[in-house]
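Submitted below is the structure of interest, expressed as C-alpha cells.
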Amino acid sequence: MPPLIPDDDIAVLQLIRSRRVGPASYHRLVAEHGSARAALDALPEIAAQAGIAGYRPCPEGVVHAELAAGLRAGARLIRHDGPEYPALLRQIDGAPPVLWLRGDPAWLSRQIVAVIGARNASSLGLRMARGMARGLGEAGMTVVAGLARGVDTAAHEAALATGTIAVMAGGIDVIYPPENSGLAARIAEAGALVSEQPPGAEPAARNFPARNRIVSGLSRAVVVIEAAQRSGTLITARNALDQHRDVMAVPGHPMDARASGCNALIRDGATLVRSAADVIDALSPQDAMDPPARSGARR
C-alpha cells in the first residue's frame, strides 16, 4: 500500500462528488492509491474494469462552484485528514470525507451527547428534552441533534446557552424544516451547523439516514426521548450501537406508541435514564472528565 500523500480541497471534493463514490469507497480508494488525486486518476480505469464505459470523475468546475457556494454561505470546509475533524467521527466506518460547517469548529471536539426523539413528541416528551439538554449543557456537555421538529428542536433550543450542534440532511445553507431558520441562525452563533452535503443540496430522503450516522458518530452517548418502533430515531440508535456508543432511553407509557421504541431499546439492554444526572452517572468516569479519542461501548 503506497504512503498517503497530502491532498488539496479540489482533489478531495472531486473524488467524493464523483459518480458511484460514497464515503466507504472514498476511503478505500485513498488507502489503495495513496491520495485522492491518485485515486481520481485511476477512477476511469477502475470504472472500465467494472464495465462502465466513458466514466469521468466530477469536473473541477463543479468543485470550484461548491467552494464558492460554501464561502457565500459563511461556511468552512473540514476534511477527514484535517486537524479540525472530530476524532470520534473519524473512527466510524464510512466517516464523511468532508464536512461543511457554520460556526466554531471547536464545538466538534467537545464532550458531545445526542438528544433525539420523535417529531410528533408529546408535551411531556418536549419537556423532558428541554430538561435533559439544559442539564447536560450545564454539566459541560454539548448537545447534538438533527434540527428536526419535536424533540430535536426542543433540545437545541434548551442547549443554546451552553452550545449545541445541528447536523443537517441538506446543504449547509438549506434549512429544513424551514420554520427552524431562526433557530439555525442562533445555533451558528452559539454552536455549529454541520453537513456533509454540498451547499444548495435539498434534504432528499436518502440523506436522512446518512445524517443520523453523523449525529451518533459525533457523540459519546445517544439519549432517545420518545420514538416509535419504526422511526429515524431508532436508526440513529442502531448506528450508535454499531459505532460502539452508549445508548440510553427514557421509558414511556406502554400504551403510547411514541414510547414503544424507547421501551424496546431498554428491553434490549439500553440504559434507562430519567434525567441529565442519570446520563452523567451512566457515562464512564473517563468520559465524564474529558473527551478522549476513544469510544467505549456500553448498553
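The values are calculated or read from the model by the stated rules, or taken from the named source; none is laboratory data. All values reported here derive from a predicted model rather than from experimental measurement. Neighbour counts run over all protein chains shown; Cβ positions are idealised from the backbone, glycine included. What goes into the accessible areas is simple: the full protein's heavy atoms, side chains included, and nothing from ligands, DNA or RNA. Shrake-Rupley method; radii C 1.70, N 1.55, O 1.52, S 1.80 Å.
Tell me, what ³J(HN,Hα) does each residue in the stretch 123-129 have, in order and in whole Hz, if you take phi through Karplus 6.51 cos²θ - 1.76 cosθ + 1.60 with θ = phi - 60° and put x for Gly and Pro?
Karplus values, whole Hz, x for Gly and Pro: 4, 5, x, 5, 5, 5, 4.
So what are the ³J(HN,Hα) numbers for the stretch 259-266, from phi and the Karplus equation (6.51, -1.76, 1.60; θ = phi - 60°), rounded to whole Hz, Gly and Pro as x?
9, 4, x, 5, 4, 5, 4, 5
Further, regarding this structure: Considering only DSSP beta bridges with both partners in the chain, what is the antiparallel share in %, to the nearest 5?
30 percent
When the chain is treated as a GNM, springs tying every alpha-carbon pair under 10 Å, which of ALA257, ALA169, ALA205 comes out with the largest mean-square fluctuation?
Comparing ALA257, ALA169, ALA205 in a Gaussian network model of the chain, the most mobile one is ALA205.
If you average 1/r over all unlike Cα pairs in the chain and invert the result, what Kirkwood radius do you get in angstrom?
Roughly 19.6 Å, rounded to one decimal.
Also, quick follow-up: Can you report the principal axis dimensions of the stretch 168-277 using only the alpha carbons, biggest first, rounded to whole angstrom?
The principal-axis extents, from largest down, are 41, 26, 25 Å.
Hey, what's the Cα Rg ratio for the stretch 1-73 versus the globular rule of thumb, 2.2 N^0.38 Å?
Cα-based Rg divided by the globular estimate yields 1.12.
Here's a follow-up. So for the pair ARG206, GLU138, with labels modelled 7 Å out along Cα→Cβ, what separation do we get in nm?
Here the answer is 4.5 nm between the modelled labels.
Scan around THR142 for amide H atoms under 5 Å from its own, H built in the peptide plane at 1.01 Å from N, and keep only partners 5 or more places away or cross-chain.
Placed amide hydrogens put GLN111, ILE112, VAL113 under 5 Å from THR142.
Note down the Stokes-Einstein diffusion coefficient of the stretch 107-182 in µm²/s, whole number, using a Kirkwood radius over alpha carbon pairs, 37 °C, and 0.692 mPa s.
Using the Kirkwood radius from Cα pairs, D works out to 268 µm²/s.
Per the Kirkwood formula on distinct C-alpha pairs, the Rh of the stretch 74-125 is how many angstrom?
On the way: mean 1/r = 0.0764 Å⁻¹.
Roughly 13.1 Å, rounded to one decimal.
How large is the helix-only mean residue ellipticity at 222 nm for the chain, computed as the sum of -39500 (n - 2.57) over DSSP H runs with n ≥ 4, divided by its residue count, in deg cm²/dmol to the nearest 500? If you can, show how the numbers build up before the last one.
On the way: 13 runs with 127 residues, N = 299.
Taken over the chain, the calculation gives -12500 deg cm²/dmol.
Charges at C-beta only: +1 for Lys and Arg, -1 for Asp and Glu. How large is the resulting dipole of the stretch 105-283 about its Cα centre, in Debye rounded to 20?
So the dipole magnitude of the stretch 105-283 works out to roughly 240 debye.
Two decimals, Cα atoms only, Kirkwood Rh: what is Rg/Rh over the stretch 86-245?
Taking Rg over the Kirkwood Rh, I get 0.92.
Then there's this: Give me the percent of the accessible area of the stretch 31-76 that comes from carbon and sulfur atoms, probe 1.4 Å, all protein chains in place.
Of all accessible area on the stretch 31-76, carbon and sulfur atoms account for 57 percent.
When the Karplus curve 6.51 cos²θ - 1.76 cosθ + 1.60 is applied with θ = phi - 60°, which whole-Hz ³J(HN,Hα) does each residue of the stretch 66-79 get, with x for Gly and Pro?
5, 4, 5, 5, x, 5, 5, 7, x, 9, 10, 8, 10, 9
Then there's this: So how far apart, in nm, are the two label points at LEU67 and ALA48 if each is 7 Å from Cα heading toward Cβ?
Going from the LEU67 label point to the ALA48 one covers 2.9 nm.
Treating the Cα atoms of the stretch 166-213 as identical point scatterers in vacuum, please give the log10 of the normalised Debye intensity I(q)/I(0) at q = 0.18, 0.32 Å⁻¹, two decimals.
At q = 0.18, 0.32 Å⁻¹ the computed log10 ratios are -0.48, -1.26.
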